[in-house]
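Okay, structure first, notes after.
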Amino acid sequence: MNQGHPHYLNQLSCGLDLVSLAGEWVTASANTNMFTYEIAPVFILLENVVLRKMREVIGYKGGDSILCPGGTVSNINAVLCARYKHFPECKTKGVHGLPCQPVLFTSEHSHYSIKTAASAAGLGTDNVVEVKTDAKGKMIPEELEKQIVACLNYEGPVKKKPFFVNCTCGTTVLGAFDPVEPIANICAKYGLWLHIDAAWGGGLLLSEKYRAERFLGVERADSVTWNPHKLMGCLLQCSTVHLKEDGILMNCNQMNAEYLFQDDKQYYDCRFDTGDKVIQCGRHNDIFKLWLMWRAKGMSGFRRHIDGLMATAEYMTEQLKADTSGRFVLLWPEPECVNICFWYVPTRLRSSIKSNLTWPSKPVQQDLGRITAQLKSRMMNTGTLMINYQPQGDTPNFFRAIISNPAVGRDDVDFALAELDRLGHD
Ligand code: ABU
């Protein structure tokens with residue numbers, strides 16, 4: 001398995017950035033822990049500089065951030081901070097002392113980590129309301145408001161209390177962006193915590209071309225998850241969560257272990273000890289490789305990197321649109337990120353396909369779903385190509401090609417489409 005190969009279009013984290021790799025080697029040789037400044041002074045300072053820069057990109061003035069072991073843990077930290085803000089007694093008394101049932105809202109296409117967070121925070125997955133999406137996979141703000149009002153009007157024995165809305169910027173399968181501004185307006189109206197899960201789409205914040213439309217209003221969020229190990233090409237793992245309010249991470253999670261976080265350290269300002277801000281104790285150094293990449297590329301380099309990925313993804317979309325041979329059906333013709341979702345159609349089914357942009361009948365979709373899984377196993381057995389597949393709602397299996405490796409060129413896209421046809425032909 002070589003996930004840096006340009007014919008690997010399988011996962012959201014692809015490629016092998018050489019500067020980041022050099023950073024990872026230095027990190028491994030330093031072999032230190034990120035919980036206190038005294039054992040990782042330079043790395044803690046680099047973390048402060050890079051995370052402040054990322055908050056500036058989001059549009060926060062001040063605030064706080066932390067690196068986490070993956071987007072799910074970043075989202076868990078956001079839910080914990082929101083829970084602390086709205087129900088601070090939970091930290092000491094747990095959720096059983098609450099007079100109401102806290103409720104979270106997220107779109108039906110969002111990442112499963114919002115449910116993981118609800119479960120881990122003791123709120124329960126039954127209290128995550130999945131809001132309907134439109135034909136492009138974006139949360140419908142009117143549906144969100146309807147669900148919030150329904151919760152507020154609930155007349156059961158325990159009142160429901162909406163407190164958290166997750167707005168996904170870059171959904172896992174379609175790459176759709178929920179509309180931030182209208183969702184922020186609803187959160188402001190009902191006094192709810194607004195979290196943006198931009199684990200996947202966050203890299204587009206760095207692009208002048210794509211940022212404005214997809215992230216309008218992002219600075220209004222209370223928290224933002226953004227994974228540099230995805231679109232920015234940093235080596236795994238590198239996930240960040242950003243909070244608008246400074247101090248909330250520390251107040252929410254701090255346990256004051258005296259053997260690590262002595263408050264009478266004479267030789268530096270203890271606020272540089274970051275370990276008590278998070279739910280883990282030991283923390284891997286995920287910053288050096290990102291800092292080194294940022295030094296090497298600069299903002300303009302990252303912008304070119306992101307715009308380049310989008311251009312290759314747009315090329316693949318255009319190729320699929322232009323292909324009238326009946327071999328492919330493009331499920332969403334205007335992807336907002338680098339996710340390209342399609343079916344491969346074998347010769348025997350081509351007569352039942354109206355066009356490469358028209359969804360076939362349900363029975364044909366079921367056939368294509370089965371063929372998708374078979375074709376993936378042919379890919380795995382030949383080892384020439386790797387593209388992920390999944391069902392979504394009541395849509396059977398389809399391919400999701402991801403262009404997040406800058407090594408993928410137009411010739412690789414051409415190869416992928418031809419290879420699908422070679423493997424799928426029978
Ligand atoms: N945590 C989301 C990653 C999913 C993917 O690579 O497809």
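The values are calculated or read from the model by the stated rules, or taken from the named source; none is laboratory data. Computed from a predicted structure; not experimentally measured. Positions of Cβ are generated from backbone atoms using ideal geometry, with glycine treated the same way; all protein chains shown enter the neighbour counts.
Assess whether L349 counts as being more than 18 Å from R400 (Cα to Cα) and not in a loop (DSSP other than H, G, I, E, B). Against the criterion (more than 18 Å from R400 (Cα to Cα) and not in a loop (DSSP other than H, G, I, E, B)), L349 qualifies. Considering the stretch 1-105, the qualifying helices (runs of 4 or more DSSP H), each wholly inside and each with 3 or more residues that are within 16 Å of the ligand (Cβ to nearest atom) and buried (at least 22 other Cβ atoms within 10 Å of the Cβ), run over 71-86.
Would you mind stating whether E108 is away from the ligand (no atom under 16 Å from the Cβ), closer than 29 Å to C337 by Cα and acidic (D, E)? Taking the combined requirement at face value, the residue satisfies it. Would it be correct to say that L249 is in the same structural domain as N75 (by TED's automatic domain parsing), crowded, with 17+ Cβ neighbours inside 10 Å and touching a Ser or Thr at 6+ places or on another chain (Cβ under 6 Å)? Answer is no for this residue. Looking only at residues in the stretch 385-424 that are of a type in the set (D, E, K, R) and farther than 25 Å from C234 by Cα, the one that is nearest to the chain's Cα centre (by Cα) is D394.
Hey, any hits in the stretch 166-187 for a residue that's more than 16 Å from the ligand (Cβ to nearest atom), more than 17 Å from G217 (Cβ to Cβ) and out of contact with any helix residue (DSSP H, G or I) (no Cβ under 6 Å at 6 or more places or on another chain)? No: zero hits. The residues of the stretch 252-276 that are buried (at least 19 other Cβ atoms within 10 Å of the Cβ) and touching a Cys at 6+ places or on another chain (Cβ under 8 Å), listed by number, are C252, G275. Assess whether V131 counts as being within 23 Å of P228 (Cα to Cα) and not charged (D, E, K, R). So V131 does not fit the description; no.
Exactly one residue out of S404, S355 is in a loop (DSSP other than H, G, I, E, B), touching a residue at least 40 places away in the same chain (Cβ under 8 Å) and either surrounded by fewer than 19 Cβ atoms within 10 Å (Cβ to Cβ) or within 16 Å of the ligand (Cβ to nearest atom) (or both): that is S404. Counting only strands (runs of 3 or more DSSP E) that fall entirely inside the stretch 152-239 and contain at least 1 residues that are crowded, with 17+ Cβ neighbours inside 10 Å, within 14 Å of the chain's Cα centre (by Cα) and among the aliphatic types (A, V, I, L, M), the qualifying elements are 193-198, 223-226.
Taking (1) among the charged types (D, E, K, R); (2) assigned to a helix (DSSP H, G or I); (3) over 30 Å from W25 (Cα atoms) in turn, E245 satisfies each apart from (2). Taken over the stretch 122-180, the residue count meeting the criterion of being more than 30 Å from I402 (Cβ to Cβ) and among the hydrophobic types (A, V, I, L, M, F, W, C) is 8. Condition check for R304 on (1) over 16 Å from F43 (Cα atoms); (2) assigned to a loop (DSSP other than H, G, I, E, B): one failure, at (2). Free of Cβ contacts under 8 Å to residues at least 12 places away in the same chain, away from the ligand (no atom under 16 Å from the Cβ) and either among the aliphatic types (A, V, I, L, M) or at positive phi (or both), is that true of I148? Against the criterion (free of Cβ contacts under 8 Å to residues at least 12 places away in the same chain, away from the ligand (no atom under 16 Å from the Cβ) and either among the aliphatic types (A, V, I, L, M) or at positive phi (or both)), I148 does not qualify.
Residues in the stretch 315-327 that are farther than 23 Å from P406 by Cβ and crowded, with 22+ Cβ neighbours inside 10 Å: R327 alone.
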